[in-house]
Every structure is written in C-alpha cells, then in structure tokens.
Amino acid sequence: MDTQEHVELHDLYGNRGSEWHEPVSEEEICERLKRAHEEGRKVAIESGGTKRGYGGARGEYDWTLSLKKYKGIVEHNAGDMTITVKPGTTIAELQRFLQEYGQQVSLDPHWPEQATIGGVISANESGPKRLAYGSARDLVIGLRIVYPDGRIIRTGGKVVKNVAGYDMNKLFIGAMGTLGVISEITMKLRPAPKYESLALVSVPEGEEEKLRLLAVEIQDAMIEPVTLEILTPALAEKLTGTRAFTLLVGYEDVECSVKEQEGWMIHHKPENAVLEILHEEEARKFWERFAVTVPNTHTKEKDLCAVLKAGTKNMDVFTMMTTALDLGISHLVDIEAHGGLGHGISEYVVRGQQDNIIAVIEGLRAAAEQKGGYIVIKQLPFHLRKKVDVWGRNPGHFSLMEGIKKAVDPYGVCNLQRYIGGI
Amino acid sequence: MKRKKQNKVDPHIRSLTKIVGESEILYKPEDLISYDCDGFTVHKALPKAVVFPKNTEEVAALVQYCHMNHLPFLARGAGTGLSGGAIPLNEEIIISLVKMKQLLCVDYENRQAVVQPGYVNLKLTNSISDKGYYYAPDPSSQYVCTIGGNVAENAGGAHCLKYGVTTNHILGLEVVLPHGEVIEIGGEGAPDSPGYDLMGLLTGSEGTLGIVTKITVRILKSPQGKKTVLAYFDDVEEGSRAVSDIIAAGIVPAALEMMDKTAIEGVEAGTFPVGHPPDIEAFLLIEVDGIMAGLEEQIEQILEVCESWNVREVKVAKSEEERSRWWANRKTGFGAMGAISPDYLVQDGVIPRSRLPEVLKEIEKISRESGLRIANIFHAGDGNLHPLILFDSRVPGETEKALQAGTACLKACADVGGSITGEHGVGIEKKEEMRFIFTEEEIEAQLDIRDVFNPYDLLNQGKLFPKPSRCMDVKKIVKDTVAVQS
C-alpha cells in the first residue's frame, strides 16, 4: 500500500498516527513503547491494517506502530503440535507453512491473505468453523507481551495444558491492543482434515424456518458438522448465484465418516430444499470466496458501509438474521449477513445512507440486547463512530475493565480510547 | 440460658449466624477439623468458621461482612483440590458452597446448562445423558467434585485432550466480588462479550478474584461411537514414542493415558484391578470417539503405530462394561497407591509431548537419588505428568524428601519448557515453584491484576503466588498421613 492510500484510509477510519513506525525486532517495539511511556505519547497499533475502522474514539495518535514487518515463524514443534509466531504473520502465510506438515491453526477469519495473526488475536476474530474448533481463546497457549512501559511479560507457556498462575492470555485476546503489543503468539495446532466437504442447503423465500429446524435436528443428531452457517439470500447470491436462504453444513474427518454424514444430510433434506455438496478442493475454494465477501478497510466500496458483529445464544442467530432483513427493508438499506447457528456469532454488512445505517444499527442492537446479546460495530468511518456507540453500553462490571487498563497501561500509551467505554 | 451461652461466642460468629441461620454455621473446634485441609493434606490449619449459604444474596452478605470487618475468607466446594487452594492459612471464614447445588436449567437447543457452584460435576452428565448430551470436563474426582471448584481450578480430566478443559466450556458466570458486589459475566451465554475476557481470567484463578455463584456451561452431544484400546509395552520409552506417533498420524484421540510399572502395581492392588500383566513396563489407554464409520480406520492406524514400537499385546474393548472397567482402573489410580505405600504425594507437571522419554528418565533419576519409588500416571497425549511419590511419613525425614522429590520433578518439567501444573493448580503447594517458570516481573504483573479485584487480599490470602522471600512454612513437615485422593 502506498503512503497516499494509507493517509486516505486513516482520514476515513481514524486511528491514525502522525508518525509511522515499522519495527522489525522486539527490541525496537520495547524501545518505542518505553519512549512513548516516558514522553507521554499515544500510540496506535496495527499490523495488516484491515481493522482500522474497528473501534476507536480518536482520529489521531502520535505514532502508528505497524507490526506488518515483524513477521515469521519463531518455532514450530511438529511433534508437539505447537507453533510460535510473530504478530505480523498473515493467516495465509501461517497456514501455508503448516500445510507441509499436514497441520493447521484452526482459525478461519476473513481476509487470510491480509489479516495478521496479531490482529486476529487482538480483535478476537473467528470464522464459521469455530463451531468445531473454538476461537482464539481456545487455541492460544502463550503470549509475549510488550507492556506499555516497554517491559516484556510472558503469559501462559508453550505447553497445551497449563494452569500455573492466572490465565493472563485471556486478557490480551480481544483487548484491541489496549494492554500492550503482542510480540509473540504460541498456539496449539490440529492435524489438517483428512477429507472435507460442504453441504449447501437452500430453501425458497418464506420457507427459511425449515433451515432453522434442520439446524436443530442436525445438532440433536449424532453427526459432527464443523459449520452450521446460515447465509441471507443476498450473500448467498454472491457466493452461489442463487438468491435464497442457505445453510452451510461443513464436514471434516476421515473420508468414510464425511460420506456417512453426507448420507444423513441427503436423507434429511427438507422438502423443497435444494442440496448441493462440494468436495475437497471445491469446498476449500468456496470457503476462500466466503472469507473475502465481508469488506475490510482496504476494500473499495461505492456506498457507505458498516460491518456489525452480533453475539447471542446459538439459535437466536436465526432470529437476528430475519430481524436484520426486516430492518433493511424498513430503512432502505442493503444487508448481507451470515451467522453460526451452533456458535452464536453473526455478522452483518449494511450499505446505504448514513442515517438509515445508524437506525438499523440501533434497531438490531435493541433486538440483540433484548435476547441477552450484543452488537459491536466492526467497521464504520470515523465520523460516524462519534454518532453511534461502537461497543454498546458498558457492562455492570466495567470498573474492573477500567481497573485492568489502569493497572497495565496507567498513562494510556497503547490504543487509548479504542475499546469499550473509551478504555 | 441460651442468651448466656451466646454471649461467649465471638461477635463475628454471631453476626455470620444472623446471615445464614444457626444450622448453617460451624465454629466449634471439633466441627472444624474436617475443614483443616483439602486433597492436599501435607499442610493443615483450622478455619475460624465454616458457613453454608443457600443463595447468592447470602454469599454476598457474608462477603460484605468479611470485607467490612477485615476478616480473611475463602470459598470451598467439595474440598477435592490437590494443591491446597481451600486450606485456611489465616483462620479464614470458609464459605462452603455445597448447599448451593441446584441444576437451574438446561437449554438443549442452545446447548447450555446453568448450575449452582456446589453442583457435582458428574451429576450434570447424568442428568442430561438420557437426551444424549454430556458435560465434557471430567476430572478423576468428578463423582464428588463441584463445578464451582472446577471453575476455580480450571479443572481438566482425561478427555480434555480432544475437548478442552473447564475454561473452554464456560459461557457465563455470576460472581461475588471480594467486596460483596454481585456481577454477571457473559450474560446469558452469548459468546465474545465486549470487554476484557474476565470469564477467562476468573476461571483458574483459584478463588482469589471472586466467588462464583452461578455458572452457565456448554453441553455437548455425546459422540456416536467410542473405541478404547489398551496397549502393553515392555519398554516405557517405546510406549512414549508410540504416543508421539499416534498424534503425528493426525489422529486426535479423545484420551491418551499412560501408566508405568509402579503405577500398574498400585492399580492392580487397588479397588478396580483389571488383570494387567504384572511384568509389563507400561500401558497406554487410548480412546477415539466420533462418527462410528470413521473410528475403525483410526483404530487400525493406532494398532499399526503400537506394533511399530514393539507392543507386547494390544486389545480393543469389546463392550461398554469392559471399557468402564479400564477407566475405573485408571481414574482411581491415585487412591490405589494407598494399597502399595503408606503415603504418597501427587505432582502435576506438564511437558511438550515430544520430551516425554527424557523427562521420564530424569524422574527415574530423581527416584533413585531420593531413594523413594515414583509411580507415573499421566495424560500422555497432552504431556501432563502425574508422578506419584511414594513414602512413609512415619520414617523421620521421608516426608521432606518426598516434597523435595516433587519439587525436583517440577523443575525437570520446567527445564524442558513445560509448566509446574496442568490441572491441579498452584494453591499453596507449588507457589514457590512459580519462580521456575515466571520472572519476578511476570509474577508482579499477575499480582497487579489481582489487586484490581481483590485489593485488600482478604479472599484466599497466601495462595498462588510466592512470597517475596521463600517461606519455609509452606514446606513444613506434618506427620499426618498423606492420603491424597484422586
């Protein structure tokens, strides 16, 4: 990306440092933060830059600390199935490295070619397969953190099971870089699946309830899908060419087990539903396309666009999705959405006029909160983030979060005001 | 008459009695004896009182009272912890949660259940198994340990190799903070709640950050099929090489357990013998589960790997009854040591799986040098070792030797890049050993977090973290029989 482009993006999305620094060693990160701590500088931290529009009540910081050049594999123990990497490594680089060993990091976030492991961990990004493999908090076993004053603090360790001391890893996962810079990440690995397939089940408009019932039936049966992701008709059309509610049921196991589960699906296909099953390379290609459908801050968009993440109870994803489409119609915005019926996370891309987008966000937030869930805004231009709260209302125990921020970053060096309640 | 008697009672006891009622408090020394330790019996001390609240409001009132009056306090479940986390070092008020033992709700469609902290781990699985569901974390003490205690210790179990430990199965917590405020984390079970992951931080904090009063857990559908293999090896190293190769073959077993010769001698003399050959050096207990159609292929691969490492005999469980017997033999392994030794001490190190052979040699050396037998029972799949140090506390100096041997085993684990505890926690037992794996600065960073929750350090004081200077009290030798339960 040339300098001109990143200046423009920063103008649009904020979270911009007046000076740009690209450390290539941990020592440089330590030095930079130590200086910031001493001089009272405010530092914006990023690596792939795909999440510049995610949170943040400040347009400007003193410095941007970009970790995009601090990348690479530090240590891979194939026999122990663990890997230690630097934060600027992209997800795709990591998976390509592991492919040779028949292993993988079981995380499938968006934009694997651009998103870095540091960013994915810091924003707690996940994908449809978290249904089977969990999210970052289930995979990260150790971190090296450069604290905001330049100290290096290790959390966790390099073994897959460990309860020594507090599970400090958890604090930094999803902390949006507000507690320091992650300089190394150790994760547990899984074997790459021996065989995979993907069943796409779509139903005609007005019959989407059948997919909800199918998802309930699948979960109650003794089959083990790795995804139960539902797509709204507009998103399905982009990916499959058919404008219809579509359920993506993925399987990963030895071949005979996958085939057996496909057999179950063929047998239980709802009436009037269309079932298509993609195997191996076809399934992988589908997921590759899926991973780049939701825009990030590098994506050129014609219209104003917001990306939302909702967390609810698993099956409430379905209701959230239909609520979103209703809101889209009443507020004249286009909505594409997908969500995991087995894991409770759903995502919405909203395109339209500014006021309408805000109305949809507020409507959807009310619906989520009514169900004990939440909405966070994953991407929105900076000027609009001042009009609508990115993180929703503070939880009752917000003072503990404030206390943690103060304990770790008393001078507000790292990503100040990027996270919930302005911490 | 009654009033006169009450006047002799400590005024704090009177106030605490007002909160929970007369039948729900113990304070006479003879009643307190069973609360002087947990599953770590090397160190004992009496609490000031034990109270049995019935609901969150009572817990909050008790905590507020302790906070206002600067009384140290701690929470306790079934008392099965193996590192001394529930031992009252400072005459604590023990808040026992065993009377808060309800299963509050099960939501099959969203795969979650809500329990009170005193609810027994295995009861949850038993309550939902008729619908084909279960709760995954399965510590060996699951028939008696409570889910609240599991959260405090981030308990593991034999099947966490595939399914993860307690922290991977918690969706929401209601917590009473050390000053008595009640908070809800994780709401009604929506994942990734905005804000720092306090649920992850609290799980495994060994009761030093708050008292959990309600827990939302994930429940799982039982696998369609299970296959269990028992493989006997004439050489421990060959057995441990087989472990690595099974994992390297891309198999994710549900469990992969190992026992050495001394451990086998113990379990065969214990309550659930299964007739393991007496002259065998080690066995592996391997379980795979999932879609039935795929299991056969995995079993064949496992058998091939075992053959390649010169397995003497390998058998697949022919019935659920046989499988259960093998598991009972394994799960009661710690307690069975009582059949071959007057006392034993269990350790809980973790190592990178591939370093198993060298660490086992090191443990053998420690055994030789200390003159104490060490039995090894471990979750080989995730490198979690449980060396059981056999000793006789009646022999002067032997308890001390056993404690030293335990520390040496943990050092051996730390030296190969491992950890000092995989599932039993630090408690008071391993707090000095924290320095094997963390620097002073790193320990300080953790204490900074504790101070956010527990600034006056009244809740479970003296646990988890080493004192600034080494405290010999912790390793004080007590002549009581060490009967650590599994």
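The values are calculated or read from the model by the stated rules, or taken from the named source; none is laboratory data. Please read these numbers as outputs of a predicted model, since none were measured by experiment. Here Cβ is always computed from backbone atoms with ideal geometry, including for glycine, and neighbour counts include all displayed protein chains.
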Problem - Leading residue by the ranking (nearest to B:Tyr196 (Cα to Cα)) among those in the range A:93-128 that are within 14 Å of chain B (Cβ to nearest Cβ) and of a type in the set (D, E, K, R) - result: A:Glu125
Problem - Any pair with Cβ under 6 angstrom, 6 or more apart, that starts in the range A:365-382 at a residue that is hydrophobic (A, V, I, L, M, F, W, C) and ends at one that is assigned to a helix (DSSP H, G or I) - result: A:Ala367/A:Thr323; A:Ile375/A:Leu364; A:Ile375/A:Arg365; A:Ile375/A:Ala368; A:Phe382/A:Tyr13
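Listed residues B:Val51, B:Val63, B:Val9; which is β-branched (Val, Ile, Thr) and touching a Gly at 6+ places or on another chain (Cβ under 8 Å)? Outline the logic, then answer.
Values: B:Val51 fails: touching a Gly at 6+ places or on another chain (Cβ under 8 Å); B:Val9 fails: touching a Gly at 6+ places or on another chain (Cβ under 8 Å).
On inspection, the qualifying residue turns out to be B:Val63.
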Handout entry: Test: B:Asn55 is under 18 Å from B:Leu220 (Cα atoms) and of a type in the set (S, T, N, Q)
Key = no
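Test A:Gly88 against the stated conditions and say whether it is of a type in the set (Gly, Ala, Ser), within 24 Å of B:Gly195 (Cα to Cα) and modelled with pLDDT under 95.
no
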Completion exercise
Restricting attention to the range B:284-305, the residues that are farther than 17 Å from B:Leu161 by Cα and of a type in the set (Asp, Glu) number exactly 4
Problem - Residues located in the range A:339-367, provided they are among the hydrophobic types (A, V, I, L, M, F, W, C) and farther than 10 Å from A:Val317 by Cβ - result: A:Val349, A:Val350, A:Ile357, A:Ile358, A:Ala359, A:Val360, A:Ile361, A:Leu364, A:Ala366, A:Ala367
Exercise for the section: Filter the range B:246-262 for residues that are in contact with an Asp or Glu (Cβ under 9 Å, 6 or more places away or on another chain) and within 14 Å of another protein chain (Cβ to nearest Cβ) and give the result. Expected result: B:Ile247, B:Ala249, B:Pro253, B:Ala254, B:Ala255, B:Leu256, B:Glu257
Exercise for the section: Identify, from the list A:Glu26, A:Glu39, A:Glu31, A:Glu46, the residue that is free of Cβ contacts under 8 Å to residues at least 40 places away in the same chain, among the charged types (D, E, K, R) and outside the structural domain of A:Val146 (by TED's automatic domain parsing). Expected result: A:Glu39
Problem - Residue check for A:Val360: modelled with pLDDT of 95 or more and either assigned to a loop (DSSP other than H, G, I, E, B) or farther than 25 Å from A:Val216 by Cβ (or both) - result: yes
Completion exercise
Note: among A:Val258, A:Val274, A:Val254, A:Val181, just one is over 20 Å from A:Gly339 (Cβ atoms), over 20 Å from the mean Cα position of the chain (by Cα) and buried (at least 24 other Cβ atoms within 10 Å of the Cβ), namely A:Val258
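Per-residue answers, yes or no, for (1) surrounded by fewer than 18 Cβ atoms within 10 Å (Cβ to Cβ); (2) of a type in the set (Lys, Arg):
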{"residue": "B:Ser15", "(1), (2)": "yes, no"}
{"residue": "B:Gly21", "(1), (2)": "yes, no"}
{"residue": "B:Tyr27", "(1), (2)": "no, no"}
{"residue": "B:Asp36", "(1), (2)": "yes, no"}
{"residue": "B:Asn55", "(1), (2)": "yes, no"}
{"residue": "B:Met68", "(1), (2)": "yes, no"}
{"residue": "B:Ala78", "(1), (2)": "no, no"}
{"residue": "B:Gly84", "(1), (2)": "no, no"}
{"residue": "B:Lys99", "(1), (2)": "yes, yes"}
Problem - Among residues of the range A:289-315, those that are free of Cβ contacts under 8 Å to residues at least 60 places away in the same chain and not in a loop (DSSP other than H, G, I, E, B), counted - result: 1
Handout entry: Condition met for B:Ile251 (closer than 30 Å to B:Leu360 by Cβ, at pLDDT below 95 and in a loop (DSSP other than H, G, I, E, B))
Key = yes
Practice task
Those residues that are facing chain A (nearest Cβ under 10 Å) and either assigned to a helix (DSSP H, G or I) or polar (S, T, N, Q) (or both), I need them from the range B:217-240; list them, please.
Solution key: B:Ser222, B:Gln224
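Among the residues in the range B:305-314, are any at pLDDT below 95 and of a type in the set (Lys, Arg)? So that I can check it myself, show each step before the final result.
Filtering the range B:305-314 for residues at pLDDT below 95 gives none.
So far as the range B:305-314 goes, no, none of its residues is at pLDDT below 95 and of a type in the set (Lys, Arg).
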Practice task
Name every residue in the range A:227-251 that is within 18 Å of A:Glu217 (Cα to Cα) and either surrounded by fewer than 16 Cβ atoms within 10 Å (Cβ to Cβ) or hydroxyl-bearing (Ser, Thr, Tyr) (or both), in order of residue number.
Solution key: A:Thr227, A:Thr246, A:Tyr251
Problem - Hits in the range B:125-168 - residues which are surrounded by fewer than 24 Cβ atoms within 10 Å (Cβ to Cβ), within 12 Å of another protein chain (Cβ to nearest Cβ) and among the charged types (D, E, K, R) - result: B:Lys131, B:Lys162
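Looking at the range A:387-413 only, could you name the residues that are surrounded by 22 or more Cβ atoms within 10 Å (Cβ to Cβ), over 16 Å from A:Gly14 (Cβ atoms) and either without any contact (Cβ under 8 Å) to a residue 24 or more places away in the chain or touching a Gly at 6+ places or on another chain (Cβ under 7 Å) (or both)?
A:Pro395, A:Leu400, A:Met401, A:Val408
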Problem - Whichever residue in the range B:354-370 is within 13 Å of chain A (Cβ to nearest Cβ) and in contact with a helix residue (DSSP H, G or I) (Cβ under 6 Å, 6 or more places away or on another chain) and, among such residues, is surrounded by the fewest Cβ atoms within 10 Å (Cβ to Cβ) - result: B:Pro357
Completion exercise
Residues of the range A:137-184 being more than 9 Å from chain B (Cβ to nearest Cβ) and charged (D, E, K, R), in sequence order, are A:Arg144, A:Asp149, A:Glu184
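Please state which one of A:Arg137, A:Arg130, A:Arg151, A:Arg144 is at pLDDT 95 or above, basic (Lys, Arg) and surrounded by 24 or more Cβ atoms within 10 Å (Cβ to Cβ). Don't jump to the end; show me each part of the working.
Values: A:Arg137 fails: surrounded by 24 or more Cβ atoms within 10 Å (Cβ to Cβ); A:Arg151 fails: surrounded by 24 or more Cβ atoms within 10 Å (Cβ to Cβ); A:Arg144 fails: surrounded by 24 or more Cβ atoms within 10 Å (Cβ to Cβ).
Just a single option satisfies the conditions, and that option is A:Arg130.
Residue by residue, here is whether (1) away from chain A (no Cβ under 13 Å); (2) at pLDDT below 95; (3) in a helix (DSSP H, G or I) holds:
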{"residue": "B:Leu372", "(1), (2), (3)": "yes, no, no"}
{"residue": "B:Leu390", "(1), (2), (3)": "yes, no, no"}
{"residue": "B:Leu403", "(1), (2), (3)": "yes, yes, yes"}
{"residue": "B:Ala414", "(1), (2), (3)": "no, no, yes"}
{"residue": "B:Gly417", "(1), (2), (3)": "no, no, no"}
{"residue": "B:Leu447", "(1), (2), (3)": "no, no, yes"}
{"residue": "B:Arg450", "(1), (2), (3)": "no, no, yes"}
{"residue": "B:Leu464", "(1), (2), (3)": "no, no, no"}
{"residue": "B:Arg470", "(1), (2), (3)": "yes, yes, no"}
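Considering each of A:Gln379, A:Gln354 in turn, give the residue that is more than 10 Å from every other protein chain (Cβ to nearest Cβ) and in contact with a Gly (Cβ under 7 Å, 6 or more places away or on another chain).
Values: A:Gln354 fails: in contact with a Gly (Cβ under 7 Å, 6 or more places away or on another chain).
From the options A:Gln379, A:Gln354, the qualifying one is A:Gln379.
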